[in-house]
Amino acid sequence: MTDAPRPAPAWPDFGEPALVPLEPPIVMMVDDEPLMTELIQTHLEDAGYANFVACNEPLEAMKLMQRRRPGLVLLDLMMPELDGFAILAAMRADEALRYTPVIVLTAAADARTKLRALELGATEFLAKPVDPSELVLRVRNTLAFKLYQDRLATIDPVTGLSNRHTFSQYLEGVLVRAGARKAMVGLLHIDCDFKQAREALGPSAADAIARCIARRLNAALGHLAESAVGPAALDHSGVARLGEQEFAVLLRPLEHADGAASVAKDLLQRLAEPIDVDGHQIVIGPAVGIALYPTDGQQVGTLQKSADLATAKARRQGKGSLAFFSAELDARSMERLTLTQQLRRGLERGEFRLHYQPKLDLRSGAVTGAEALIRWQHPERGLLYPGTFIGLAEESGLIVELGDWVVAEACAQSARWRQAGLGDIRIAVNVSKLQFDGGHVLAVLREQVARHGLQPGQLVVEITESLLVSDADAALDLLAQIQALGVQLSIDDFGTGYSSLSYLKRFPVDELKIDRSFIVDIPARPEDLAIVRTVVALGHSLDMTVVAEGVEQPGQLAALRDAGCDHYQGFLFSPAVPPDEFADLARATAARIAAGS
């Protein structure tokens with residue numbers, strides 16, 4: 001045997017199947033003469049076929065094949081105890097080995113021997129003594145043909161996606177693992193209607209449409225996986241073509257059913273875009289059915305049937321629709337989908353409002369600032385609070401546009417109050433992670449501060465601790481640029497996130513807000529009061545103002561005053577109110593303080 005580098009065998013490129021990884025095929029040789037198997041192994045390894053298994057015990061051949069599952073068997077016919085004819089017959093009777101190619105090695109040249117071997121299912125013949133060049137050539141051709149057959153059996157030849165049979169096998173394995181981990185799995189069944197295009201333009205046009213759908217599905221899942229939206233383990237292994245116009249996507253693992261609906265909506269949006277086929281703009285009108293493991297089926301067949309029925313339900317609702325198999329989930333999903341669409345229209349129609357919760361000086365009782373809190377004046381459902389729609393805005397990406405509007409409106413309101421003689425009220429706005437990432441918020445702040453002539457300190461940006469630790473260096477640079485605009489920075493809900501003291505001292509923060517969870521039980525709980533005192537002392541030592549939120553009881557206010565807290569907000573003084581009510585409160589408080597002095 002040689003130690004020289006062996007060339008890789010030349011494999012034909014039939015395209016990568018979605019669910020079947022390419023591995024070097026095993027070549028097994030069954031021959032009772034060890035010298036013969038060693039010689040053949042040397043010839044094949046020199047040609048690059050390194051995955052070789054020798055069997056010199058004919059009686060053990062079947063057990064070894066069943067365990068190793070070779071891609072090709074080289075079989076000697078004349079062996080004691082058990083000849084090659086018996087082994088060949090046993091292979092063709094075995095379900096797993098029935099279609100494994102067999103090259104028979106024989107010194108017999110008579111037609112009767114060859115005919116008998118062919119009748120038993122032999123693929124090729126090699127005469128002994130074996131010529132090395134002929135050996136390599138026959139092995140290469142046989143394996144190439146076997147690979148081609150395997151591909152035809154496992155993939156859809158038009159799109160390169162897994163076919164129904166392969167996908168079902170893959171799904172079976174996924175469900176077994178999900179059951180062991182008590183995990184949720186989502187199955188999306190996608191029906192794309194391009195029958196009319198096939199009838200008008202022919203089968204080649206239909207194939208082009210199917211290939212485009214496959215590309216869009218793979219691209220969409222790749223984008224979702226990279227952006228960490230939806231299921232964490234999204235990959236291309238769960239995409240298949242089930243029929244002429246039917247596709248499937250497997251989502252695993254799922255934290256909740258809404259994740260499946262979110263992915264389905266994204267796929268519907270992408271698939272709804274026209275497909276250009278020879279200058280014709282084809283609209284396929286997709287519909288998506290969603291079934292969830294284990295609630296909608298614990299076996300492959302049951303789950304697939306549930307997804308199919310859900311697709312039929314979606315199709316009845318019209319093109320571009322999705323539906324869950326579960327009626328309860330379907331109703332909730334449709335409600336969320338409707339609300340998301342209304343959210344987009346609400347932004348266009350100016351249906352959003354800012355209410356302002358006063359911030360007060362703990363010593364003087366004067367109104368010194370406000371936190372801007374968004375409300376949606378829904379035309380049918382009335383005034384909606386953020387808990388109803390912020391999650392939807394984040395899922396749909398509308399949170400950026402919504403956040404930009406909040407910044408612009410808060411800056412405009414600050415200017416209006418100043419013109420009305422209310423003074424320089426410090427307005428705090430909350431910033432989402434999507435606004436913060438990539439520095440988008442900086443350009444918006446720069447534009448609005450300049451447009452409305454805000455003075456330094458009039459605008460405060462509230463950020464959460466988690467924003468600071470995701471990319472500390474980038475966050476540090478961005479916060480410094482925000483401060484350079486004269487905008488102050490506040491850490492919201494301090495104590496509930498992830499930041500350490502080392503992070504806190506690095507960032508240019510002006511204000512700490514103590515989370516309501518530490519306020520609600522003071523002064524009754526000494527532990528919470530100790531935390532409040534510690535945060536106040538920490539903030540002051542770093543030259544920061546400290547604000548307590550969620551103050552609802554006089555006892556809480558007294559405890560905060562004793563702890564040296566600077567400002568507070570909460571229902572004890574006022575909830576968030578419209579701008580005019582806020583102005584009235586601020587004026588009344590200022591008049592009361594002036595009268596008392």
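The residues of the range 416-447 that are among the small types (Gly, Ala, Ser), at negative phi, more than 31 Å from the chain's Cα centre (by Cα) and open to solvent by 10 Å² or more (accessible area, probe 1.4 Å) amount to a single one, Ala420.
Among the residues of the range 548-562, none qualifies, meaning not one is over 17 Å from Arg363 (Cβ atoms), under 41 Å from the mean Cα position of the chain (by Cα), at pLDDT 90 or above and assigned to a helix (DSSP H, G or I).
Report yes if some residue within the range 503-514 is open to solvent by 50 Å² or more (accessible area, probe 1.4 Å), out of contact with any Lys or Arg (no Cβ under 7 Å at 6 or more places or on another chain), of a type in the set (A, V, I, L, M, F, W, C) and over 19 Å from Gln357 (Cα atoms); otherwise report no. Within the range 503-514, none of the residues are open to solvent by 50 Å² or more (accessible area, probe 1.4 Å), out of contact with any Lys or Arg (no Cβ under 7 Å at 6 or more places or on another chain), of a type in the set (A, V, I, L, M, F, W, C) and over 19 Å from Gln357 (Cα atoms). Considering Ser321, Ser326, Ser364, the condition of being open to solvent by 10 Å² or more (accessible area, probe 1.4 Å) and under 30 Å from Phe573 (Cβ atoms) is satisfied by Ser364 alone.
Among the residues of the range 109-127, those that are open to solvent by less than 90 Å² (accessible area, probe 1.4 Å) and either touching a helix residue (DSSP H, G or I) at 6+ places or on another chain (Cβ under 8 Å) or in a strand (DSSP E or B) (or both) comprise Ala117, Leu120, Gly121, Ala122, Thr123, Glu124, Phe125, Leu126, Ala127.
Per the listing Ala232, Ala206, Ala178, Ala225, the residue uniquely modelled with pLDDT under 85, surrounded by fewer than 22 Cβ atoms within 10 Å (Cβ to Cβ) and assigned to a helix (DSSP H, G or I) is Ala225.
Take Ala524 and tell me if it is of a type in the set (Gly, Ala, Ser), modelled with pLDDT under 95, open to solvent by 40 Å² or more (accessible area, probe 1.4 Å) and not in a helix (DSSP H, G or I). Yes: the conditions hold for Ala524. Looking only at residues in the range 382-402 that are of a type in the set (Gly, Ala, Ser), open to solvent by 10 Å² or more (accessible area, probe 1.4 Å) and touching a Leu at 6+ places or on another chain (Cβ under 8 Å), the one that is modelled with the lowest pLDDT is Ser396. When you scan the range 563-586, how many residues do you find that are in contact with a Gly (Cβ under 9 Å, 6 or more places away or on another chain) and either assigned to a helix (DSSP H, G or I) or at positive phi (or both)? The total comes to 2. A Cβ distance below 8 Å, combined with a sequence gap of six or more or placement on separate chains, defines the contacts here; from the range 548-565, residues that are more than 19 Å from Asp492 (Cβ to Cβ) reach residues that are charged (D, E, K, R) and loosely packed, with under 14 Cβ neighbours inside 10 Å in the pairs Arg561/Arg363. For Glu348, the conditions (1) assigned to a loop (DSSP other than H, G, I, E, B); (2) open to solvent by 20 Å² or more (accessible area, probe 1.4 Å) are fulfilled apart from (1).
The values are calculated or read from the model by the stated rules, or taken from the named source; none is laboratory data. Worth saying up front: this structure is predicted, and the values here are computed from it rather than measured. All Cβ positions, even for glycine, are placed from backbone atoms using ideal geometry, and neighbour counts span all protein chains on display. These accessible areas exclude ligands, DNA and RNA; they are computed on the full protein's heavy atoms, side chains included. Shrake-Rupley method; radii C 1.70, N 1.55, O 1.52, S 1.80 Å.
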